[in-house]
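Everything on this sheet refers to the single structure shown next.
The values are calculated or read from the model by the stated rules, or taken from the named source; none is laboratory data. Not measured: the values here are computed from a predicted model. All Cβ positions, even for glycine, are placed from backbone atoms using ideal geometry, and neighbour counts span all protein chains on display.
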Amino acid sequence: MAIVGSSATALGLRTPRAFTRHPGPQGRRSRLTHRLTRLTAYLLVLLIFLLPLWSMVATALSSAQSKLGTMDLIPHGLTTGNLTQAWNFGIGRGLANSLVMVGVGLPLQLAVSSLAAYALARKRFRGTALVTIVIMATMMMPDEVIAIPLYLIIGKIPNPVTGGTLLDSYGGLVLPLVGWALPIYILTGFMKRIPMELEEAARVDGAGELRIFARIILPLCKPALGACAVFGFLMIWDQYLLPLLVIQTPSMDPLTVVVTSLQSSQELGDAIKLAAATILMVPSILFYLSLQRSFERGVLSGSIKG
């Protein structure tokens, strides 16, 4: 019969199971090999990425003191004592400072990046290509290259609150993080693919630039904004060199600086140091998981459409 060996007809209707040809021994072996290969790949990913993280968390939660330079795969008695001691050594203060940096810097970064991308993607003016090249060039320079010029510039910007400069202030920590080329690049490419007919129809209805930007462009860019939010959070959360240059008061150090100072201490055990590193890691994981769907949609939409 013509339908034997086919799982669907020309009209898209599936044939009954009784008329479907079962795979032979060679097909079963090929399917089994495919499953074993995929399982092996999953196990390798687990060993390479998750095993070190699991070992760090297990050692941080272990009540027994591990040997110097070793880590536990299974915690020997669960306890939060190491986390409490790490918290008392300044982790709580550093966490609060890092949350201030992210809470203020990330919304400002997304706002500035969205407005800059809107101008580059939807407006025509002389020097668009030059401005884009200059913005992209900032991504090619490592932080160490711009560290000293950035320090000198921050030292000359007046602080309206204290009357001094932005050095040793939250403003000096947040202001350099507002302008970042990566979200501008992502949002510009995303906004260029939005049909111009939507914007023209809104103008016919009497909508202004800000209304078009807020009511049409931004809602359509939610996936890209989710991806930019994840990248921006990690960029701000992992800042280390900037706080070292700007901040002189230890009470204003973010979590990265506090954890690094604990790692260099000879008086604390490895379990306390790993507990501090665990606290540093958790907010990044939680933030990514909260925006995982938007992040994946934003990344995939940028790679599929051309």
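Listing for the model above:
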item: Leading residue by the ranking (nearest to F213 (Cα to Cα)) among those in region 117-168 that are under 25 Å from the mean Cα position of the chain (by Cα) and part of a loop (DSSP other than H, G, I, E, B); result: M141
item: Number of positions in region 145-168 that are surrounded by fewer than 13 Cβ atoms within 10 Å (Cβ to Cβ) and within 17 Å of A181 (Cβ to Cβ); result: 2
item: Flag for L11 being loosely packed, with under 10 Cβ neighbours inside 10 Å and either at pLDDT below 65 or of a type outside the set (A, V, I, L, M, F, W, C) (or both); result: yes
item: Matching entry among L106, L83 (being within 26 Å of G172 (Cα to Cα) and modelled with pLDDT of 85 or more); result: L106
item: Residue among L130, L173, L198 that is in contact with a helix residue (DSSP H, G or I) (Cβ under 7 Å, 6 or more places away or on another chain) and either exposed (fewer than 14 other Cβ atoms within 10 Å of the Cβ) or of a type in the set (K, R) (or both); result: L198
item: G232 being assigned to a helix (DSSP H, G or I) and surrounded by 21 or more Cβ atoms within 10 Å (Cβ to Cβ); result: yes
item: Those residues of region 158-172 which are out of contact with any Gly (no Cβ under 8 Å at 6 or more places or on another chain) and within 16 Å of V246 (Cα to Cα), in sequence order; result: T162, G164, D168, S169, Y170, G171, G172
item: A18 vs. criteria loosely packed, with under 10 Cβ neighbours inside 10 Å and modelled with pLDDT under 85; result: yes
item: Positions within region 261-275 being part of a helix (DSSP H, G or I) and surrounded by fewer than 17 Cβ atoms within 10 Å (Cβ to Cβ), in sequence order; result: S261, Q263
item: Pick from region 212-262, criterion charged (D, E, K, R) and without any contact (Cβ under 8 Å) to a residue 60 or more places away in the chain, ranking: farthest from A276 (Cα to Cα); result: R215
